[in-house]
1. Can residue 88 be described as acidic (Asp, Glu), in a strand (DSSP E or B) and at pLDDT 90 or above?
2. Please work out which residue is farthest from residue 99 (Cα to Cα), limiting yourself to region 36-75 and to residues that are basic (Lys, Arg) and surrounded by 11 or more Cβ atoms within 10 Å (Cβ to Cβ).
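The values are calculated or read from the model by the stated rules, or taken from the named source; none is laboratory data. Please read all numbers here as calculations on a predicted model, not as lab measurements. Cβ: placed from backbone, ideal geometry, glycine included. Neighbour counts: every protein chain shown.
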Amino acid sequence: MKMSMMGVKDPNLGIPNIMGILPGMTAFATKLMKDKMNDLQVPCVREYLQMLADAGAKLYACKMSVDMMGLKKDDFVDGVLDIVTAGDFMDMTEGSQIIFI
């Protein structure tokens, strides 16, 4: 992902992928991303999902991801209705408006 580094606005300049192997680079890139989100007043993912649930969106967790990460339904925001497989989700949402986050 191209991300401006230390105030450089040129969209062609960014953190080279090879830099990811350096210790502390993940934390550095995370901080840059969080700073950009704060500047744009974007809520964190958990807060955004809670806002969607409060607005009436139907939220479902992906069973494969839940299984791979060793999660339980209690690990999600209150608005997550169920943990479903991809096939079940496609059947449930036929003809619906779907937003993936």
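1. Values: acidic (Asp, Glu): yes; in a strand (DSSP E or B): no; at pLDDT 90 or above: yes.
When the stated conditions are applied, residue 88 does not pass them.
2. Here is the first cut: in region 36-75, the ones basic (Lys, Arg) are 36, 46, 58, 63, 72-73.
Subsequent filtering for residues that are surrounded by 11 or more Cβ atoms within 10 Å (Cβ to Cβ) retains 36, 58, 63, 73.
Numbers: 36: 23, 58: 10, 63: 17, 73: 20 Å.
The qualifying residue farthest from residue 99 (Cα to Cα) is 36.
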